[in-house]
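The values are calculated or read from the model by the stated rules, or taken from the named source; none is laboratory data. Everything quoted here is computed from the prediction, not taken from an experiment. Quick reminder, even Gly has a Cβ in these numbers, built from the backbone with ideal geometry, and neighbours come from all protein chains shown.
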Amino acid sequence: MIYVLDTNIISAILKGNKLVRDKVQQAIMQGNEIGINAISYYEIKRGLLTNNATRQMQTFERLCEGSRILLMGSKDVFDTAAGIYAELKRAGKLIKDADILIASIVLSGDFTLVSDDSDFQRVAGLKVENWLQG
């Protein structure tokens, strides 16, 4: 299984959240992979660069070295995103475009998203776990 970390989960790791770090280690020890989606990579990197957070940048780079970076390199990701957008818009439950793109990356790969963002519950078929909750 591949667990894809959302921005808020990566932030928790960078802030030293023991519960999340333990969950990441447990997932890896069970033979699972950790993935970082392109949107979260961008959101974390821009924040660290803006704040000149060099120590956290080193931690983030180490996390990335041991993780699969999931890019938006296929038409399927954007087709899936467009479908999610249309479905949520019709239902009056639209979420941010960045979250739609994250959901589409996860759905396209049949991965599991790890997030503390309840907006993802609106996306049909998306598997979500929250590692910030015990």
State whether the residues of region 112-133 include one that is part of a loop (DSSP other than H, G, I, E, B), closer than 19 Å to ILE13 by Cβ and either among the β-branched types (Val, Ile, Thr) or free of Cβ contacts under 8 Å to residues at least 24 places away in the same chain (or both).
-> yes
Kindly indicate whether any position in region 48-58 is modelled with pLDDT of 95 or more and either within 17 Å of ASN37 (Cβ to Cβ) or buried (at least 20 other Cβ atoms within 10 Å of the Cβ) (or both).
-> yes
Please identify the pairs in which a residue from region 74-85 that is of a type in the set (Val, Ile, Thr) has its Cβ atom under 6 Å from the Cβ atom of a residue that is modelled with pLDDT under 95, counting only partners at least 6 apart or on another chain.
-> VAL77/SER108; THR80/SER108
Filtering region 70-93 down to residues that are over 16 Å from LEU126 (Cβ atoms) and small (Gly, Ala, Ser), which residue is surrounded by the most Cβ atoms within 10 Å (Cβ to Cβ)?
-> SER74
Region 94-103, subset part of a helix (DSSP H, G or I) and of a type in the set (A, V, I, L, M), residue surrounded by the fewest Cβ atoms within 10 Å (Cβ to Cβ) = ALA98
Just one listed residue, out of LEU71, LEU88, LEU132, is within 13 Å of ASP6 (Cα to Cα) and out of contact with any His (no Cβ under 6 Å at 6 or more places or on another chain), and it is LEU132
